[in-house]
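Derivation of every value follows stated rules applied to the coordinates shown; laboratory data play no part. Remember, it's a predicted structure, so these values are computed and weren't measured experimentally. Positions of Cβ are backbone-derived with ideal geometry, glycine not excepted, and every protein chain shown enters the neighbour counts.
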């Protein structure tokens, strides 16, 4: 027994020493990497900008060397930011040391609207006369849509290319909830407000199928046209090729059809690039990744400029979870500060949100409305700007959306579970005493009474009336006109132009140009808000989030996304303004 405690004490002491040593090493590593992160990067002539997009692309990423270190530990690719990509592509266009761009983006994880913005930036880059090459072992359909603008599209001889059309899928929980004795009590307004359907039905309703069919075909028509124009085909030919499922056809078909330029191994592509930039075969090809190129300084010929355009980012669920998404109190404070800052002459409000809390949306809307009264506010919509995402956008001077943006979904709903069946199965009962008629409302251990249902439904209808009123004021129309295209219906960016929900088609760069014109600025500099947090703080935040996700995915696999949906529902406000849960467009 004495030996046991001796070994236990030794093990415990050794653990403490090891932890302290590890802590010192981590602090040293963080300090060194943070210091390196501030240093300017130098590149030589005939350098290629390498855009490795085989990972998630978010609206905004902050230059942080710690993120790369964390990704190397987990084995996951570092997130790339649309903000950094657009800046780097524009900078590379005028950088004499950059000869061209190479895309490695076969497994891209981004929405079609995000891809559209990168794609348009690459098309603009080509006007410089510099080349764009794309190479990948496998191209997903989204990745191929981006790669199609390249001068040369190469595929590994044993690789695959996905082109099959679009498919939207929803996940339904009704049967699973019934098995455990949980009923979801729903209050909504709008026949197209299908976010509640996964908890009530086993399949999509007819109105839900109708709206999905309309916007899905709109998005596919745009993608087909883009591929066709880039590859010298017709949209009809692209659709015909998609019907033939080229990924399971012969390699010769890919070349003969014009989808790709050749089948090559990576070393063969590198040798071709060496010849293109005039590098000897025995020498190394100079390339710089996007994260490092962000630290390369290329003069734009301008000195210090006081006037600013602020880009304010709103990405994720509105007041959805405790760690991620849009926090209405923080975002409204950011907008308020930008309104009061005299050096900020215009605001570009970048919205990439499926919605969320109706109350949070109202709080943010108020600050957008106040800002719009004193300076130009232009909204740039990302992959989603629907329901609550549209709510916070509608007060802007102008709204810019991508053709494949999902927007609209003007409507609200409320969901409160009734776990009476579950508690009975567990043998648990409840009893209590109340002083007033509705003192025990809401309760999740019994169904709602008739009077309670009437109260909640009236509250939902009132909230919807407020929502369409905000939209009517912002779009300078009537409540009746908004209600006709509202009712929770989702629209694509192209559709939204025709019904006056959106003003122009374009991305973030287009919105910035409109803000410049509205503020009558000859010169300006950009500021991104909210301000970046400290790299160490960001690292610890990502560490905790990644740890939760790692454990969840390890236990649940791909089904972990369903747990995330339920978590958002549990943590969010009961009254929601958001698009359908788990809407996947493939």
Whole-number percent relative contact order across segment 408-504, with pairs defined as alpha carbons under 8 Å at least 6 apart: 42
Extension gain, residue 526 back to residue 342 (0.36 nm per residue minus Cα-Cα distance, nm): 64.8 nm
Convex hull volume per residue for segment 345-407, taking Cα atoms only, in Å³: 58
Kirkwood estimate for segment 251-312, i.e. one over the average of 1/r between Cα atoms, Å: 16.4
Segment 203-280 - Rg over Rh from alpha carbon coordinates, Kirkwood radius: 1.19
Ranked packing of 438-450, 338-350, most packed first, by mean Cβ within 10 Å: 338-350, 438-450
Rh (Kirkwood; distinct C-alpha pairs) - segment 121-210, Å: 17.4
Range of Cα positions in segment 89-142 per principal axis (Å), largest first: 32, 24, 13
Cα-based Rg of segment 259-364 normalised by 2.2 N^0.38 Å, two decimals: 1.78
P(r) histogram, all alpha-carbon pairs of segment 374-501 included - 5 Å bins from 0, percent: 2, 9, 16, 16, 12, 9, 8, 8, 8, 6, 4, 1, 0
Residue 454-residue 202 FRET efficiency (beta carbon distance; Förster radius 25 Å; 0.05 resolution): 0.35
Alpha carbon centroid spacing (whole Å) that separates segment 421-490 from segment 241-301: 54
Alpha-carbon Rg/Rh ratio, for segment 83-175, with Rh computed the Kirkwood way: 1.08
Segment residue 466-residue 324, length gained on full extension (0.36 nm per residue, minus Cα span): 48.4 nm
Spin-label model distance (nm) - residue 217 vs residue 299, 7 Å beyond Cα toward Cβ: 5.6
Over segment 82-162, relative contact order from alpha-carbon pairs under 8 Å, at least 6 apart, %: 33
Pairs of Cα atoms farther than 14 Å apart, segment 436-482, %: 61
Gap separating the Cα centres of segment 318-395 and segment 94-142, nearest whole Å: 30
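Nearest 0.05, what FRET efficiency do residue 439 and residue 175 give at R0 = 41 Å with Cβ-Cβ as r?
The computed FRET efficiency comes out at 0.75.
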For segment 309-445, Kirkwood radius (reciprocal of mean inverse C-alpha pair distance, Å): 16.9
Modelled FRET efficiency - R0 25 Å, residue 248 with residue 54, Cβ distances, 0.05 increments: 0.65
Segment 145-292, Cα convex hull volume normalised per residue, Å³: 212
